[in-house]
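In what follows, a structure is listed as structure tokens, so that the remarks can point back to it.
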Amino acid sequence: MPSPTRPPETRGAPLTTARLCAAASATRGMLRLYEAEGLLAPPARSSAGYRHYPADTVDRVQAIRLLKELGFTLRDIGLLLSERDEGAIDPARMQALAAAQVATIDARMARLALVRRYVAAVAAGDLSQLQDDAECQFLVDFMAAAPIVAPTTATLSATFTPLACWAESAS
């Protein structure tokens with residue numbers, strides 16, 4: 001998680017891309033994406049063509065990263081930043097975005113619980129659930145490049161080595 005406070009050496013002076021990346025724990029790719037999405041203003045350029053970001057860009061990049069970590073989309077983040085830049089965030093919009101995010105988190109947790117059930121079965125050496133589910137069987141077949149005939153260690157060794165390793169370690 002990015003640090004919410006900026007190092008003293010980034011206060012006041014324009015930042016090069018490298019200094020901004022270091023101060024905000026970001027990558028150049030993140031900065032380019034945030035610029036392309038309109039979350040960051042295009043930076044000034046030095047006479048040599050280097051990007052020079054205002055010092056407050058560190059806080060903005062950290063806020064973007066924190067909002068992304070909470071699961072907000074870049075579009076939602078753009079709306080929030082736009083309102084912030086205009087002086088006030090609409091509480092009703094913030095509440096609606098938060099409610100939508102809670103629903104998204106709940107859906108992800110339900111999906112992860114299902115995925116966990118499948119992975120736990122494989123970790124215990126039980127491949128029957130994978131064979132009974134068409135999507136799982138497709139993935140197993142694709143990864144093995146051959147259908148799994150029976151959930152035995154010998155068959156697994158011949159078709160999908162990582163699963164054989166899991167089956168052996170579970171017994």
> For segment 28-49, which residues satisfy the criterion of being basic (Lys, Arg) and loosely packed, with under 12 Cβ neighbours inside 10 Å?
Replying inline: 45
>> For segment 1-20, give me each residue that is surrounded by fewer than 18 Cβ atoms within 10 Å (Cβ to Cβ) and modelled with pLDDT of 75 or more.
In response: 14, 16, 17, 18
> Which one of these is touching a Ser or Thr at 6+ places or on another chain (Cβ under 8 Å) and β-branched (Val, Ile, Thr): 115, 119, 102, 58?
Replying inline: 58
>> Quick check on residue 77: is it modelled with pLDDT under 90 and touching a helix residue (DSSP H, G or I) at 6+ places or on another chain (Cβ under 7 Å)?
In response: no
> Does residue 104 fit the bill of being out of contact with any Pro (no Cβ under 6 Å at 6 or more places or on another chain), closer than 28 Å to residue 56 by Cα, at pLDDT 85 or above and not aliphatic (A, V, I, L, M)?
Replying inline: no
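Each row is one residue, and each column tells you yes or no for (1) part of a helix (DSSP H, G or I); (2) under 30 Å from residue 64 (Cα atoms); (3) modelled with pLDDT of 75 or more; (4) not assigned by TED's automatic domain parsing to the domain that holds residue 63.
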site	(1), (2), (3), (4)
100	yes, yes, yes, yes
109	yes, yes, yes, yes
112	yes, yes, yes, yes
122	yes, no, yes, yes
129	yes, no, no, yes
135	yes, no, no, yes
156	yes, no, no, yes
> Got at least one residue in segment 52-61 being outside any helix (DSSP H, G or I), in the same structural domain as residue 15 (by TED's automatic domain parsing) and of a type in the set (Gly, Ala, Ser)?
Replying inline: yes
> What are the residues in segment 40-68 that are hydrophobic (A, V, I, L, M, F, W, C) and either in contact with a His (Cβ under 8 Å, 6 or more places away or on another chain) or free of Cβ contacts under 8 Å to residues at least 60 places away in the same chain (or both), if any?
Replying inline: 40, 41, 44, 48, 55, 58, 61, 63, 64, 67
> Mind checking whether some residue in segment 70-87 is small (Gly, Ala, Ser) and in a helix (DSSP H, G or I)?
Replying inline: yes
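The values are calculated or read from the model by the stated rules, or taken from the named source; none is laboratory data. Keep in mind the model is a prediction, meaning the values are calculated, not measured. Neighbour counts run over all protein chains shown; Cβ positions are idealised from the backbone, glycine included.
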